[in-house]
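Below is one structure, written out as structure tokens; the observations come after it.
The values are calculated or read from the model by the stated rules, or taken from the named source; none is laboratory data. Predicted model, so just to flag it, every value in this text is computed and none were measured. With ideal geometry, Cβ positions are generated from the backbone for all residues, glycine too; neighbour counts draw on all protein chains shown. Just so you know, the surface numbers come from the protein's heavy atoms only, side chains and all, with ligands and any DNA or RNA stripped out. Shrake-Rupley method; radii C 1.70, N 1.55, O 1.52, S 1.80 Å.
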Amino acid sequence: MQLRYNYRAYPNAQQRRVLARAYGCARVVWNDCLRDRRGAHVAGLPYVKSADLSRLRITQAKRTEERAWLADVSAVVLQQSLRDLDTAYRNFFGSLKGKRRGRKVGPPRYKSKKDTRQSIRFTTSAFRIRDDGTVYVAKVGNLKVKWSRQLPAAPTSVTVTKDSCGRYFLSFVVDTDPDILPDLEADTGIDLGLSAFAVLSDGRKIGSPRFLRRAEKKLRRLGRELSRKVKGSKNRAKARIKVARQHARVANRRRDWHHKASTQIIRDNQAVYVEDLAVSGLGRTRLAKSVHDAGWSAFVGMLEYKAIRHGRTFAKVDRAFPSTQLCSACGLRDGSKPLHVREWTCRACGAVHDRDRNAARNVLFEGRRIVAAGRAETLNASWSAGKTRTKVPAQRGEAGSPRKGQPAQAGFPGR
């Protein structure tokens, strides 16, 4: 399986300038190739192949006066930019034809130097982990890295990313074996909510930390300071970075909390069942800020890939399943209930139900039924059963690259 490990990098001033040039060159290659393909589509011409684009927009462009500066960066960066464009088109075409699962994917768009996130990708032939703990990147130099944990295997690629608040990260993709945990008898159903982040079928409640709500006061103050600065001034740029850093702190706290909660649930249960919520739809209601603050989608995604990694069973219950309307004791469908109804009594058996715990128990029963029917995305009952390379979604939505060249070093450098 493929996993992604992210580490904070600290380039010096010269390296930051080189990285900025590399981001710009990768962006220009992407936009030039995208412009050619869009132009061919408008003119009714065949789809432009990647080999033709590579020869025209990379190899020959370096020999022209207006694109001669493309030779200042590693050729791997430019080729990977073209490969990423091919991946974007494949996802778009697969979404149009219904071959790609998940939400519909739009066509690739042009990139801007004002995008909040800039990234370039290197294969193993263009980077190496040094014994002193630095990471050598082609035509950039040795980058200082904060190694927070050990790499489990030699990485197949690295992505150098700059976020909206000026931080740099190295994101390594590694191929590793599943870490199967001992089997357990327990299983659980999870009902996600806002008053309580999650209610488990055994009655346990996980409180909602509300990281964004707790930071709103400071964010409002920083937003007022930003609005007073003159557009285009250096003070406005500094104020914008302060706002971005505060949002990054909120996101980091939420992500860390999600990881700890999801890991604990996976370790304590052999099977985990959760409701497939329509987060995109709820994000357009009056509860939008609270829904996005909870981060249900990211949490469910962590549960899914950790279940595959650790040999647990995971299943999503369809969002149309009436988990709040069914009595978990006798199965009577007692009708829909407004959100202010937190406790109700079954008309058939007289059982008194807590709304959230009853929903979690119904999710548990429905999840067991789905697994018994063989329709769950689990390690033992899925398309990946029996394969040595179980596919796990790489974190932050990026895919790995095939290993080429010399293998890189795994583990803590210098130890």
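Quick notes
- Surface share of carbon and sulfur [accessible, 1.4 angstrom probe, percent] for the chain: 50 percent
- The chain: calculated mean residue ellipticity at 222 nm from DSSP helix runs of at least 4, using -39500 (n - 2.57): -12000 deg cm²/dmol
- Averaged over its residues, the chain has an accessible area of 54 Å² per residue, based on protein heavy atoms and a 1.4 Å probe.
- Cα pair distances of region 102-203 binned at 5 Å [whole percent]: 2, 8, 13, 14, 12, 11, 13, 12, 9, 5, 1, 0
- Packing, as the average of other Cβ atoms within 10 Å across residues, places the peptides 263-275, 282-294 in the order 263-275, 282-294, highest first.
- Cα gyration tensor shape of region 144-301, rounded if a/c is under 1.5, else prolate or oblate by comparing a/b with b/c: oblate
- Here the Karplus relation 6.51 cos²θ - 1.76 cosθ + 1.60, evaluated at θ = phi - 60°, turns the backbone of region 55-61 into coupling constants of 5, 7, 9, 10, 5, 6, 5 Hz, with x for every Gly and Pro.
- In order through region 5-22: 3J(HN,Hα) via Karplus (6.51 cos²θ - 1.76 cosθ + 1.60), integer Hz, x for Gly, Pro: 10, 10, 9, 7, 10, 10, x, 7, 4, 5, 5, 5, 5, 5, 5, 4, 5, 5
- Here each label is just a point 7 Å from Cα along the line to Cβ, and for Leu332 and Lys289 those points are 4.1 nm apart.
- Divide the volume of the convex hull around the Cα atoms of region 234-330 by the residue count and you get 135 Å³ per residue.
- Tail beyond 30 Å, pair distance distribution of the chain (Cα, percent): 54 percent
- Within the chain, percent of DSSP bridges classed antiparallel, to nearest 5: 80 percent
- Viscosity 0.692 mPa s, temperature 37 °C, Stokes-Einstein D of region 1-98 from Kirkwood C-alpha radius, µm²/s: 215 µm²/s
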